Amino acid sequence: MSDDLLLEIKGLKTQFFLDEGLVEAVNGVNLKIRRGATVGLVGESGCGKSVTAFSVLNLVTRPGRVVAGQILFHRTLATAAGGDARGAQVETIDLAALDPDGKQMSAVRGKEIAMIFQEPMVSLSMMHTIGFQIMEAILLHFDVSQQEARQRAIQILNKVGIPNAAERVDMYPFQLSGGMRQRAMIAMALSCNPTLLIADEPTTALDVTTQAQILELMLHLQKEFGMSILLITHDLGVVAETCDEVAVMYLGEVVEQGSVRQIFHSPAHPYTQALLNSIPKLGSSKAGRLTPIEGTVPDPYNRPTGCPFHPRCVRFIKDLCDQDNPPQIELNDGRSVRCWLHDPRQGVQS
Amino acid sequence: MIQTPISPVLEVSGLKKYFPIYGKGILQRQIGDVKAVDDVSFTLAAGETLGLVGESGCGKTTIGRCLARVYQPSQGELLYHQPDGQVRDLAKLNRGQLKPIRRQVRMIFQDPFSSLNPRMTVLDIVGDPLKVHNVCSGKELEDRVANLLERVGLRGEYMRRYPHAFSGGQRQRIGIARALALDPRLIICDEAVSALDVSVRAQILNLLLDLRQDFNLTYLFISHDLSVVEYIADRVAVMYVGRLVEVAKTRELYTNPQHPYTEALLSAVPNPDPDRRSQRIILEGEVADPSHPPSGCYFHPRCRYAQERCKVELPLLKTLADGRQAACHFAGELNLNGIRV
């Protein structure tokens, strides 16, 4: 159902113009996020996951620039009390076309689309109390008084499971533990009731037991607020446990997108298959050696011609994969994959 | 059942490492200790891999550094069995006496970017231990470095290059070549694959397994990643706030944990299988502060099985019927869930 979509990224290209050369960090990404869904964006470091997220929020700064593509955000216009999304009027705006510093973008960023980052110690201001930082967002987007904003900040801190929120609201980030800081970040992101939450490696810096707490919290809050989540991570375990859909990125392209079951049980792209074979799974110890992916991720200045994965691919077809980059192919089961093996004209099915 | 190791390489007993905390006044009196490692004992048998797991700040790295004598332990014995049968206590040796042993006990570090000197070529980095110990020089040194590089999967001619010319995985291979340079017996891998991308991590893990076979190495594999440890380790030791809470063979520890902390840790690991979304045990609260640990069992404020006794009496690591060890008053009595195989 297309009217179910919240965000559609079409052919997004974000490039960085550096002295050393051109880095095509995001090279034609197509991605769809449905309302209320959790979409995992996975890939290795440098594959363009974070740049995709920054592009959505129009936060790419010089020397980088979004050079092509559309980011269609189907925002729900404010409805009368009740606020049923189905009946509400939907307006579509192309975020990529907006002025990054303009009014319209500022109204979306932080309010309708919020983001949480990997390292809360770096992304929170250490000069201000967490309460001040949460209130800042509320005061910017809503017409409320200082007092009301403070009340709301305490309320949201309570929601994310910070004990003694009324006291903690006046604390500085360094007075909180890693897990608590990440909760404060989430509180800040949720303070304006976003419809889309972008979480960029939200648990990577945390220990497993704290990670479990934070993931549980995010899923719980998602149900309560009914928002969509774009979860960026390199941890396939986290994706399997939390996401409904998965998009796998390699060198600036989404090579495969499908439901979490499709991706984990019958991956279609050789990169997805190789990635899943290369991770140790808990409970299958000594089941045999891991199968690593040969070689390394290519240097961003020298992208391979043709399919970006072909130099490391075990099913590489000579004179095809090294010549032409495969298009996005829609499979019958609803997923999309960028690989010549699935091109009906090739007649080679996996 | 764990057999008594036929030939131990290292016997650690009662190892303690306290870091002093000083007051603010002019006198800067010592006002307390961070008990980073508190009364830890274990044995490393020749040829085995012992995984050491726990959350950040639990003292894993401190143990590794005490073993390599980067730190001077506050208390305890580190009995090292030399190949000729002599036993030396590493904790009591001075710099000069340690030098021959430093050839045999080596480290591999987490961050392949900061653990290699950017101003040294690969030849200097890998060859340095050989020069320091006067093993060889000149052409012979170059040949040996080329050999080592090829052994870890790099081309010999790369030795004139600087670290910045290599990717993360390749740098970690350089770090491994450096550790191998002096024919070591024991290698302490401190989060050796944690900074690597998944596709490269598998390459390095397989390399470590091959090298263990070929050079008859013993590993102490320190990691926070339980899936990686399950893949590489024969036995696993779990740490919590400076103390060992459980030691057992890998499979037994994972499928049938005997300490509530191990159970919680295992259930918190995200499983890359959407059909097996685990019933996670969400631990309340946070890891205890090692300078002010709670009374009794350090884990009791977060433990769902805690009883009155746990609040007052500190459980010691005790050996259970089947030879495994756990530090819980109710070890063997609780019905804890491990992972399903």
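Some points to look at:
- Listed peptides A:318-330, B:217-229 by packing density, highest first (mean Cβ within 10 Å): B:217-229, A:318-330
- Our summary of shape: the Cα atoms of chain B have principal axis extents of 69, 60, 44 Å, ordered from largest down, in whole angstrom.
- DSSP-defined beta bridges in chain B - what % are antiparallel, rounded to 5: 60
- In the elastic network of chain B, a GNM with C-alpha springs shorter than 10 Å, the most mobile of B:VAL236, B:VAL105, B:VAL34 is B:VAL34.
- Taking 25 °C and 0.890 mPa s as conditions, the range A:86-181 diffuses translationally at an estimated 161 µm²/s according to Stokes-Einstein applied to its Kirkwood radius (Cα pairs).
- Rounded to the nearest Hz, the phi-derived 3J(HN,Hα) couplings of the range A:177-185 under the Karplus curve 6.51 cos²θ - 1.76 cosθ + 1.60 (θ = phi - 60°) are 7, x, x, 5, 5, 5, 5, 4, 4, where x marks glycine and proline.
- A Cα-only calculation for the range A:102-151 places Rg and Dmax at 12.1, 31 Å.
- For A:TYR250, the residues whose amide H sits under 5 Å from its own are A:VAL255, ignoring neighbours fewer than 5 places away on the same chain, with H placed 1.01 Å from N.
- Per-residue HN-Hα couplings for the range A:50-55 [Karplus 6.51, -1.76, 1.60; θ = phi - 60°; Hz; x = Gly/Pro]: 5, 5, 4, 5, 5, 5
- For chain B, with +1 on Lys and Arg beta carbons and -1 on Asp and Glu, the positive-most of B:ILE26, B:GLY59, B:CYS297 along the dipole: B:ILE26
- Tensor-based shape of the range A:257-350 (alpha-carbon gyration tensor, a/c under 1.5 rounded, otherwise prolate or oblate): oblate
- Ranked A:PHE264, B:PHE215, criterion: other C-beta atoms within 10 Å, fewest first: B:PHE215, A:PHE264
- Look at A:PHE225, B:PHE330 and count the other Cβ atoms within 10 Å of each Cβ; fewest to most, that gives A:PHE225, B:PHE330.
- Gyration tensor verdict on the range B:256-340 (Cα atoms; rounded if a/c is under 1.5, prolate if a/b is larger than b/c, oblate otherwise): oblate
- Dipole magnitude for the range B:1-132: about 560 debye, using +1 per Lys or Arg Cβ and -1 per Asp or Glu Cβ, origin at the Cα centre.
- Residue exposure sequence - B:THR49, A:THR204, A:THR61 - by fewest surrounding Cβ within 10 Å: A:THR61, A:THR204, B:THR49
- Phi to ³J(HN,Hα) by Karplus 6.51 cos²θ - 1.76 cosθ + 1.60 over the range A:133-138, Hz, x for Gly, Pro: 5, 6, 5, 4, 5, 5
- Residues whose amide H comes within less than 5 Å of that of A:VAL67, counting only those at least five positions distant or on another chain, are A:LYS13, A:THR14, A:GLN15 (H built at 1.01 Å from N in the peptide plane).
- Annotation for B:ILE282 and A:ASN332: the two label points, set 7 Å from Cα along the Cα-Cβ direction, are 4.2 nm apart.
- When the Gaussian network model of chain A links Cα atoms closer than 10 Å, the mean-square fluctuations of A:VAL208, A:VAL254, A:VAL56 top out at A:VAL208.
- A simple spin-label model places the labels of A:VAL67 and A:TYR301 1.6 nm from each other, with each point 7 Å out along Cα-to-Cβ.
- Candidates B:SER295, B:SER199, B:SER41: whichever shows maximal mean-square fluctuation once chain B is modelled as a Gaussian network with Cα springs under 10 Å: B:SER199
- The equivalent ellipsoid of the protein assembly as shown has semi-axes of 44, 34, 24 Å, largest first, where each one is the square root of 5 times an eigenvalue of the Cα gyration tensor.
- Backbone amide hydrogens, once placed in the peptide plane, bring B:ALA45 within less than 5 Å of B:VAL9, excluding anything fewer than 5 places away on its chain.
- Cα gyration tensor shape of the range A:1-55, rounded if a/c is under 1.5, else prolate or oblate by comparing a/b with b/c: prolate
Values quoted throughout were computed directly from the atomic coordinates according to the rules given, and no laboratory measurement underlies them. What you are looking at is a predicted structure, and each value in this text was computed from that prediction instead of being measured. We place every Cβ from the backbone using ideal geometry, glycine too, and count neighbours over all the protein chains shown.
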